[in-house]
Amino acid sequence: MTPGAMYLGEFIGTAALLFFGNGVNMTTSLNKSYGKGSGWIVICMGWGLSVTMAVYMVGWVSGAHLNPAVTLGLAAAGSFPWKLVPGYIIAQVIGAFVGACLAWLSYKDLMDEEPEAGTKLGVFATGPAIDNKPMNAVTEFLGTFLLVAGILAIGYGNGVTGGMAPFVIGMLIAVIGMALGGATGFAINPARDLGPRIAHAMLPIKGKGGSNWGYAWVPIVGPALGGIVGGVFYVWFIAMAV
């Protein structure tokens, strides 16, 4: 595949991921949604399946990283060329922005009727249950460490390959959400948070309030570092074990 095709694949895949994922948030959170109150398990499974479907869509084109932290982690592990990293990250952030905008368009009337500004932000971007940014960043670091190390483990040696791999990765996302998501909403993906946060800031959403830019560094820095360390750790682990 040419780099241009790979960048396009990342854009389309990340847009699909956020269209599905932010749509899950809107379904379960907006006051007039039929799915209001479906609960955290539905959100975690919904995001896991969102990743699975997006990977199936574009994995054959770009490898379906769909996440700057995964791209950085794979590059740090020597499994992806550093020269493609900037283009992947740009495509992922733009794709996340577009996917969030499409989710908003699908739910525009419900968004306009939603009385809580916090909910209107929460269906786009993540936020902490308790605002302690250093610890929030640690949680995001750990979740993304598990994500990248887990992805490498799933595909290593005689691990899960072929058609089942996207589903297993989706289930990894879901269990990370169930285990750690209660603290920060489990961004574990800088594009997943930044693109929709920009969309929230730019879209004409009635009564939306601020976009909480003071928190925005947490789901960027924590996952980016977690992804890199997860990739390096797994290379070290293989070297020690083999």
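Please treat every number below as a calculation from the coordinates, not as lab data. Note that the structure is a prediction, hence the values are computed from the model and not measured. Reconstructed Cβ throughout: ideal geometry from the backbone, glycine too, with neighbour counts over all protein chains shown.
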TODO: Specify the inter-centroid distance of the stretch 53-115 and the stretch 218-242, based on alpha-carbon positions, in whole Å.
DONE: 20 Å
- [ ] Specify the residue with the greatest mean-square fluctuation among Leu66, Leu18, Leu203, computed from a Gaussian network of the chain linking alpha-carbon atoms under 10 Å apart.
- [x] Leu203
Task: Angle between the chain longest axis and helix 85-106 axis [Cα atoms, degrees, rounded to 10] - done: 30 degrees
Task: Whole-Hz couplings from phi, Karplus 6.51/-1.76/1.60, listed for the stretch 136-145; x for Gly and Pro - done: 4, 5, 4, 4, 5, 4, 5, x, 6, 4
- [ ] Beyond 28 Å, what share of the Cα-Cα pairs of the chain is found? Please give it as a whole percent.
- [x] 25 percent
Open item on the list: Could you compute the net charge surrounding Gly185? Neighbours are other residues with a C-beta less than 11 Å from the C-beta of Gly185; K and R count +1, D and E count -1.
Closed with: -1
TODO: Compute the Kirkwood hydrodynamic radius of the stretch 183-233, taking the inverse of the mean of 1/r over all pairs of distinct Cα atoms, and give it in Å to one decimal.
DONE: 12.1 Å
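Please report, largest first and rounded to whole Å, the three semi-axes of the ellipsoid equivalent to the stretch 134-242, where each semi-axis is the square root of five times an eigenvalue of the C-alpha gyration tensor.
31, 16, 11
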TODO: Identify which of Lys133, Lys36, Lys120 has the largest mean-square fluctuation in a Gaussian network model of the chain, with springs joining Cα atoms closer than 10 Å.
DONE: Lys36
Open item on the list: How tilted is helix 190-202 with respect to the longest principal axis of the chain? Cα atoms for both, answer in degrees (0 to 90, nearest 10).
Closed with: 20 degrees
Task: From phi via Karplus (6.51, -1.76, 1.60), per-residue ³J(HN,Hα) for the stretch 120-135 in Hz, x at Gly/Pro - done: 5, 6, x, 6, 9, 10, 8, x, x, 5, 10, 7, 9, 4, x, 6
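Provide the net charge surrounding Lys32, with neighbours chosen by a C-beta distance below 15 Å and charges set as Lys +1, Arg +1, Asp -1, Glu -1.
On the way: positive: Lys36, Lys108, Lys120, Lys206; negative: Asp109, Asp112, Glu113, Glu114, Glu116.
My count for the surroundings of Lys32 gives -1.
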Task: Ranked list, fewest to most other Cβ atoms within 10 Å of each Cβ, for Asp109, Asp193 - done: Asp109, Asp193
Open item on the list: Can you give me the angle between helix 40-62 and the longest principal axis of the chain, using Cα atoms only, in degrees from 0 to 90, rounded to the nearest 10?
Closed with: 50 degrees
Task: Estimated vicinal HN-Hα couplings, Hz - the stretch 169-185 in sequence order (Karplus 6.51, -1.76, 1.60; Gly, Pro = x) - done: 5, x, 5, 4, 4, 4, 6, 4, x, 5, 7, 10, x, x, 8, 10, x
- [ ] For an R0 of 22 angstrom, estimate the FRET efficiency from the Cβ-Cβ distance between Val232 and Val175 and round to the nearest 0.05.
- [x] 0.45
- [ ] Assuming R0 = 22 Å, can you tell me the calculated FRET efficiency for the pair Ser106 and Val42, based on Cβ-Cβ distance, to the nearest 0.05?
- [x] 0.80
Task: Positive-end extreme of charge dipole, the stretch 3-241 - chosen from Pro196, Thr119, Gly21 (charges on Cβ) - done: Pro196
